Amino acid sequence: MAVFQCVVPAGAVPRELRPRIASEFTRIHSETTGAAPDFVQVLFLEMPDGSAFTAGEPSTMHNITGYMRAGRSREMREQLYRQLYGAWTKITGAPSANVKLTIYDVPTAWIMQDGRMMPEPKDDAEWLARQSRSL
């Protein structure tokens, strides 16, 4: 399970770019962590003018907040950060200074998807096999 919430000023990321970003984020997360693509969700939220501020001034920041299952190594997390950040700036053209990426670790005991508790990352293959047999 990974959820990436991309909160941007209204009109900052054209709708036609969003599927490309979602595909890249899914590919990057799956290849880096080994998680199934079905475990990745990308959400786009636009902030209307006058709704976001930095240092008391209207903000042009692109805020990407991710949540993923805990248990990834520091090296894996750093690789994930670099690749996601790079994909965002390349696809959107946003200056690096206008992008903030934060990813929170979430204990698997706090996550349910499709009515089932999520497995520890190391148990994905076994969990997916069990789910496919039960469907």
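The values are calculated or read from the model by the stated rules, or taken from the named source; none is laboratory data. Keep in mind the model is a prediction, meaning the values are calculated, not measured. Here the Cβ is made from the backbone with ideal geometry for all residues, glycine too, and neighbour counts use every protein chain on show. We work out accessible area using only protein heavy atoms, side chains counted, and drop any ligands, DNA or RNA first. Shrake-Rupley method; radii C 1.70, N 1.55, O 1.52, S 1.80 Å.
See the values below:
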{"read-out": "The stretch 78-95, residues that are open to solvent by 30 Å² or more (accessible area, probe 1.4 Å) and either at pLDDT below 95 or not in a helix (DSSP H, G or I) (or both)", "value": "GLY93, PRO95"}
{"read-out": "The stretch 13-45, residues that are assigned to a loop (DSSP other than H, G, I, E, B) and modelled with pLDDT under 95", "value": "GLY34, ALA35, ALA36"}
{"read-out": "Test: residue in the stretch 11-26 that is aromatic (Phe, Trp, Tyr) and open to solvent by 60 Å² or more (accessible area, probe 1.4 Å)", "value": "no"}
{"read-out": "Residue match in the stretch 63-76 (condition: farther than 25 Å from TRP127 by Cβ, among the hydrophobic types (A, V, I, L, M, F, W, C), in a strand (DSSP E or B) and open to solvent by less than 40 Å² (accessible area, probe 1.4 Å))", "value": "yes"}
{"read-out": "In the stretch 96-132, the residues that are acidic (Asp, Glu) and open to solvent by 40 Å² or more (accessible area, probe 1.4 Å)", "value": "ASP105, ASP114, GLU120, ASP123, GLU126"}
